[in-house]
Structures are given as structure tokens and as C-alpha cells.
1. If you scan region B:213-256, which residues turn out to be over 22 Å from B:VAL448 (Cβ atoms), in a loop (DSSP other than H, G, I, E, B) and not small (Gly, Ala, Ser)?
2. Determine which member of the set B:ALA295, B:ALA290, B:ALA206 is farther than 28 Å from B:THR347 by Cβ and assigned to a helix (DSSP H, G or I).
3. Restricting the search to region B:1-45, which residues are within 13 Å of chain A (Cβ to nearest Cβ), at pLDDT below 80 and over 27 Å from A:PHE192 (Cα atoms)?
4. Go through region A:400-419 and give me each residue that's over 23 Å from the mean Cα position of the chain (by Cα) and among the hydrophobic types (A, V, I, L, M, F, W, C).
5. For region B:439-457, name all the residues that are hydroxyl-bearing (Ser, Thr, Tyr) and surrounded by fewer than 22 Cβ atoms within 10 Å (Cβ to Cβ).
6. Give me the pairs: first residue in region A:160-174 and without any contact (Cβ under 8 Å) to a residue 24 or more places away in the chain, second residue small (Gly, Ala, Ser) and assigned to a helix (DSSP H, G or I), beta-carbon distance under 9 Å, and six or more apart or on different chains, which are they?
7. Looking at region A:425-439, which of the residues that are at pLDDT below 80 and loosely packed, with under 11 Cβ neighbours inside 10 Å is farthest from A:ARG194 (Cα to Cα)?
8. Quick check on this structure: which one of A:GLY395, A:GLY389 is loosely packed, with under 15 Cβ neighbours inside 10 Å and over 18 Å from A:LEU332 (Cβ atoms)?
Amino acid sequence: MVFSSLTFLLLFLPVLLLLYFLRPGWRWRNGVLVAASLLFYGWGEPVWILAMVFSTAVNYLCALLMDRSRSRAVRKLCLALGVIISLGFLFYFKYAAFFGGILVSLTGLPLQVPSPRLPIGISFYTFQVLTYTVDVYRKKADVQRSFFRLLLYVSCFPQLIAGPIVQYSDVAGALTRRRVRPKDFSEGLQRFIRGLGKKVLLANICGAALSATAQAGTGADMSLLGAWLSALLYTLQIYFDFSAYSDMAIGLGRVLGFTYKENFNYPYTAVSVTDFWRRWHISLSSFFRDYVYIPLGGNRRGGLCTARNMLIVWMLTGLWHGASWNFILWGLYYGLLLLIERFVLSRWLEALPRALRHVLTMLAVIVGWVIFYYVDLPAVGEHLLAMIGLRVSPGGGLVRLPLLDAAAQRVLREYGFFPALAFLLSLPLRPWLQSLSERFAFTERLSYFLGAILTPALLGLSLIFLIGQSYNPFIYFRF
Amino acid sequence: MKKKLLFILTYVCLLSLALLGAVILLFAPKEARPSDGENRMLAAFPALGARELRSGAFMDGFEDYLSDAFPARDKLTDLSRRVLGLFGERDEDYAAQEAIAKAESLAMEENMTAQEPPIAEEPPAEAAATPSPVPETPAPTVTPAPEEASEPEAETPAEAAAPEATAAPAAPAKKAERDAEFWLVRTDGSRNVQETYSAEALSTIAPVLDEYRACLPEDGKVLFVNVPVSTYYFNVLTSAYSDWDSDVDEVLQPLVGEGVYIYDAADILRPYLFTEDLYPAGDHHWHAIAAWHMARAMTEDLGYPVTEFYEWKYKLEYEFHGSPYTPEQLQNMTIERQNRRYPVPVTPVESYILRYMTQRSPSVYLESDRFKGYGIYLGGRWRPWRLFETGYHTGRTALIIGDSFYHAFLPYMTTCYDRIISTDLRNDMYNPVVSGGSIRQYIEEYEVDDVYFLMCTYTSLNGYVYQELMEKYLNTDYGAIYGRGEG
């Protein structure tokens, strides 16, 4: 089930909240939440509930054994078992076909490569459950003796399918004791509605505009500005799509009494690639930092080791997004950019004006999204070439592209307003309004008034737009 | 206080959602039913069983059902389109506005009075006095009348070109030597050019038409026509003009190979300009009678039997759902009320929406008197392909590629073909992903004999549909890129 489906909005959410607040006490509420989460997850593909429960059970048992044993070797063995089984599960479902294909093409062996269907959200819940096992091993978190509560942590529906990746230690306390004040309820729901509006009114419309542009690899002739337009549209779409989901997840978490960390912090205002990754998908960066980069030695063993660790982390980050060469390339692209920024250009970049640094960062980010968008690498090359106004002719030479193609013109004419609005809303207008409201009383009233008007208006508009859209999955679902 | 108010507000939002959900579950119809606005069957409440739950079919069907059963769905989807239209021009809005602007500038140029909006002008006295040939009482049945085919009243260049069908060899690329135009003829005989199509644009279209021809069997034909919109017709009816004309056929015909016929709608409709209601006032589309004249000309050329206009069964519609004008604008227009009746041929054919090359879903019949007509007839969103099984056994299949103008035309071709597939390449109508294949593959799959291109002057020959999409969609196998909808 997706947050932006009518099933969720009109039935699941109201019924869940009614049942959830029907009785006080966390036992009742945990029960309702686990049942609702399993229904949420199983809606569409119920069979995958078993995979999630199995992964949780393995890590539950490993952590219990770890806790009971005083032997370091046994503890390590339990950790290794939990990690290997969880990652093995992830590998089988997500990467077996990809690596099997590579093996077959390299060796020519007549192997039967498995290509199972990917359980939704497997990358997210695998990483979540691993944070529990590793945290227990590190004694950073107490073992969870109730399987039911561990299942609640793993399956809790707001963050189950597309994050943010919630580390166990961040919510361990809330699994047994949490309080929902009226303020949490109303602000959480408002945030959910804002997220819904971002998804339906901005991300989906940017997506529709993007699909109307000429795409590399489809036989359509692109133009210089058309190539930039489609790259910009995807840049906006993916931000609003994913950050909308995070907003909805964080908002719902708050309604239910959980506090999730922020996953985005206006990434398109970043002034360096390092800064960008501090602001984009923060929960994934934090996971890789805490559970891969630092255990590998981080930056404490000299420049060469740091570089190696960074490349490993970024290759894994790319691979986490999907079993495809473009994701690996995308990860390595960022790894290299971060290395260059850290070891070569840091002083030079700092000397540049802030605006120029921002432009350069956005340039790097947009190129990154082009790599991310196309699953086939020739299309990536074709699009990047188009962004400098060239294409490869059938004879192999380079020819100039026109400045603007008809599809891009049409998209600008029909959708121009929405990308412009999306760009504006990707700026930190809200903190800016809040700081104004602290200084001037009237802006506080204005912001309150806007909130009161915008919430129902956004919900109504989103519903109206949802009715006409039969298919609107979140981009990050496939990861 | 403020926090309390916000809490109440969010609580009310949540309650409204719950109420909506309850209303749909309790009161919405559970069975499948046709949608006038979208011309498709709305989803029924899905079957509920262990197998459906396990496979997820129930869940998919349930979401479709909720969406389709939403109260006032048609109005809300229309509202969402209007909201989008506020911030960006959709194709048809743009075309309509462009035409209105053009008509207004024309009016100024010709010193027309401000009280006479050009698009809604009164026809000249003689035209108004001439009774409409459209029958008030519909004829009872459709009777094919092969022997009664009347002689063509206007010779088309296609006739002169080569009515004998032979296989089309790959034509060498020829370049047009001049631009082509569509113009209105002033009473003093001078031209007032309305549309100019560049030589370059026509030179691009010609080889693509040949490419379509090459996909067809030996005796297959490609028939092409660009139809003027109503604005021009109503301007011709003013005292400032006496005629309209176009030389698109003269420029384009020499560029194409054998088996491709370019028609001139201006020539074909000319004899009836002042005697028949070819277009409805208050809309840019054409009337059924104009579409029939076009169909007749083409049918005769192909040697198929012609069914006379009066032999079809009609129903009359009073509301014009395809209009670019709001009801208020229509009310304010000084047009004859009589001109607001729209004869719609009732054509009892089996009709399907086609997706992914072969996936059929039954749809409302092309025209059935069970439903309000013109909304289905013109305004329906038939995406991305339609299939009509006509019940006539001629052993031939047609593909009609058009914009909204083809909807009025298609019924009159049903007597000539076993089946007709149709599509509209405009971007807000055509979805290549759901199409699941190229037009070439559709031609092969459905063994198409003849291809018709029928679009109006809003879909400009210089524009994206002709210059890019016509070739792109012919050749790009979207099934290979996105899959053919399996699973």
C-alpha cells in the first residue's frame, strides 16, 4: 500500500487512528500498530510478510544468543550469522540475477540464474534490523526480549517501505513508552498532508512533464535545452517524491508517538557535494557512516585508507539503490567527487563565492541524477552528450543538436509553472518564514493563517488529483 | 487557542477522509458501469477470495474501485484538468485560444463590427434560410447500399493520382519547392492566408507517409487529410468571404509515392459551404454531415459501397460536451439555437480499449443510444488504442490515426471494414508505455490494409505530431523498452 493511495487515505488511515486511540496504553497500541503494519505491508503481495518476519526472527534470535553469551567468539558468531543471513536474503532477492548474469557472461558457464521478484522495502527493513543486531553487539542498545516489539520496530508501517532508515537505538524507548499530545497529532497530520501535496501536486506533475520530454535511448531527437530540461525535471521529481515520502513517514510517526530523525535538509541549497550528502537521504548516509565507513577504519588510517573506505562506501551506496551498472557508476561518481573535493579542491572551493559553489554543486548533482535515471549506460552517455549540445551520428561522428526541440517547448508551455514552483519550494522558505515570525508578530499570524488554510486545501487538491491518477508509485519503492 | 484550532482542523480533515471512505463503501455502485466522460467501463468492486487475496488481485482491483467510485468523479477529474490548465496551456486549450485570437485579429483586419464575434457569426441570410438536410427524425436502420453510391461531386487529386493500387516502392526523398497554405477567399477574389505549412515540414511528412504505406500489403493505401476547423467555416459564411481553399494536396501529393493519397478537405466540403451546417457554432469540431462528406469521398475512391447520410440511424444531442467554451460562454454566444443540435450516428459495433498490443477491455459501443452521445463521441479519452469490430465482413482492416476530428468520421467507415483500430498520437492522448509497441507492430498484429490520417488544422502540419511523433511512434518498440504489460 502506498500513502498516496485512496485505500490508505480513505480507509486505512482513519480506521487505524480510530483503533489506535480507542484505548490508552502502549500494549493495545503496539498490537494495533503491528497488525496494521503487516496489513499495510502485505497489501498487494501478502507472501512477502513471511520474508520480513523471517529476517526479524533470525536477528531476534541472534541478538538473544549474543546477550546471553559471555564469550566474545560466540557473540561474533551470532553477529556474523545475523548479518550474513539478512544480507544473504537481500542479496538473493536483489542482486542474484545481476551478479549471476555477470558470472555467466564472464565464464560462459551454463548456469540457471535466479531472478526472484523483489519484496517491497527489503533494502530498508534489512538495514533497520541490522542496526539492531549490530547495536546489541556493540552494547549500544539493550537486547529486545519481546519478539513482538522487535517486529513492531522492523515493520512499523510509516518507515517500512521507503524509509527513513530508523536506527534501533533511536526508537528503542518508544517501543514501550510513548506519548501522543494533541500538538503531536495535529502537527504530525499536517506534515503528512504537506508531504501528500508535495508528492501529488509537485512530484507527480514534474514526473508527467518529464515523461513528455524527449528521452535519450527512445529514438527521440533531443535538443540542448531539452536535455537540460529533462535532467532538471528529474532532479525536482526525485527530491519531491522522496522527501514527500519522508515527510509523510515522519508526520505519521509523530501522530503515532514516534520521533524519526529528519531525512532531508534542503539538499538543493548545498554548497558542496559533501554538504549535499549531509542534506540528502540523511538516514542512509548515517547508516553507511556508522555501520560501514567507521568499522572499515574511517579516516583514521591515513589518506589512502580513507580514499579506499570512501570508494567502498559509495560503491555500496550505489549498489544499495539497485542491481544495475548505472547505480554502481552513480555511487562511484559521488565517491570520486567527494574524494576530489576532500583531497584536491577543498581550499580552492572554499575561496570561491558561495553562489558559484552552489552552482557547481548543483551541476554535479544534476549530472548525478542523469546517471541515476537511465538503467542502460549508453543512454546515460547520450543524455550527457546532449547536455553539451552534441549527439553521435549513425556514422560515429559528433553532430550538433538543435537548441530547443518541440517536446521541450510543449512541456515548458504546458507545465512550466509547476517546475518553477517546485524549484521555489526546494528553497528553505519555511525556516525563513519561521525566523520572520519570531521577529514580527504579524508574520506569525500570517504563518498560522496559511497553515490553517493550506492544510485542508492541500488535502482536497491532492485527493482531486489522485482520483485521476491511477498509478503513482514512489520512486524509492524500487530500492 | 491556535493550537487547539489546528488540532480541530486536522481532526476534521481526518473525519472527512473517513466519511468519504464510508460513503464510497456503503453507497457507491458495486458493479461496473460506463463513464460518459472517459468512455470506459469503471471498475466494479473486485471479487474477494483466497486466491485474489494471495495474488494481490483484490488489492489492485480495490484501489481501482475506490478511484472509479469516488463521488462526482467526472466533475473532479475535470476540475483537476482545469486546475492544471490554469497554470499551463493544454494542447486543446492552446489551440482553441490560438484560433480565437486568430479569428479576432481577422475580424479587426476586415473591420468587422465588435458586436459580431467572428466565431459565432450569423450565417448569411440564404444559408440560414436553407433547411438543414440533417433529418429531424432518425432513420430507423443502417442499410449498406453499394449500388447507390453517388458520383463524386468534387474530383480530388487522389483520384487523379492513381486509384489503381499497387505496392509502394521506397520513394526517393523529394523536397517540396514551396510552402503550402490554407486561405480564405475574399469577395474580391484575393486571398487571406490562415495557415502556412513550410516546404521543409511537408518534405518531412512525405517520406513518413511512404513509410506507413510500405508497412501495408500490396493493395493497401494511405489516405491523408487535414481538415479546417470551424472558425474558418464561420468566417467564410460572413459577407467578407466567398470561399476557402488549400494547396496542401498540390504540394504534398507529388512528394509521396504510389498508394498514398492526399485529400483536400476544402475542395470536398466546398459545394456544401453555404447549403449545409457543416460545423456547429460554438465549437471547433465538425458536424457529422461534414465528416460524412469526407468519408464518402474517400470510400468512393477506394471503391467501397457508400451508405448515404440519411440511411444511418441518428440521435440528436443538445449539449456539446466537446466544446472548448464554458456553458456560460455558450449561453452568451449569439448563435441560433437550432445550430446547437448535433446528429450523432448510432453505430452498433463492438468496441474495445486496446493496451499492450493485445490486451482488450470492453468499452461502451462507439455510439449507443444508451449513453449521452457527444461526450463519448468526441470528448472521450480513448487511450491509447481503440478496436472496433464492425460486424461487416469485407475482409479488410483500417487504422485511423487522428485527433478529435476522426471520431465523427470513423462511424461512416465501419461499413467498409471488418475491423478498425484507431489512435490519437497527441501527447496528452497517446501513452507509448501502455501502448506497448510501435504502430508498425500494431499494423502487423491487426493486419491493417489501409491507414487514414485525419486531423484538423489545430494539429498543425508544422507541429510536433506530424514532424516527430508520426515517425517516432511508427518505429519505436515501446514494448521492448517498457514491457508489454505482462503481469
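1. B:PRO228, B:VAL229, B:LEU237, B:THR238, B:ASP247
2. Values: B:ALA295 fails: farther than 28 Å from B:THR347 by Cβ; B:ALA290 fails: farther than 28 Å from B:THR347 by Cβ.
Unique residue meeting the criteria: B:ALA206.
3. Matches in region B:1-45: B:SER35, B:GLY37, B:GLU38, B:ARG40, B:LEU42, B:ALA43.
4. Restricting attention to region A:400-419, the residues satisfying the condition of being over 23 Å from the mean Cα position of the chain (by Cα) are A:400-417.
Answer for region A:400-419, where residues must be over 23 Å from the mean Cα position of the chain (by Cα) and among the hydrophobic types (A, V, I, L, M, F, W, C): A:LEU401, A:LEU403, A:LEU404, A:ALA406, A:ALA407, A:ALA408, A:VAL411, A:LEU412, A:PHE417.
5. Kept after step one, since they are hydroxyl-bearing (Ser, Thr, Tyr), are these residues of region B:439-457: B:442, B:446, B:452, B:457.
Hit for region B:439-457 is B:TYR446, nothing else.
6. Within 9 Å, no pair qualifies.
7. Here the residue is A:ARG439.
8. On the way: A:GLY389 fails: loosely packed, with under 15 Cβ neighbours inside 10 Å.
Checking each option against the conditions leaves just A:GLY395.
The values are calculated or read from the model by the stated rules, or taken from the named source; none is laboratory data. Remember, it's a predicted structure, so these values are computed and weren't measured experimentally. Here Cβ is always computed from backbone atoms with ideal geometry, including for glycine, and neighbour counts include all displayed protein chains.
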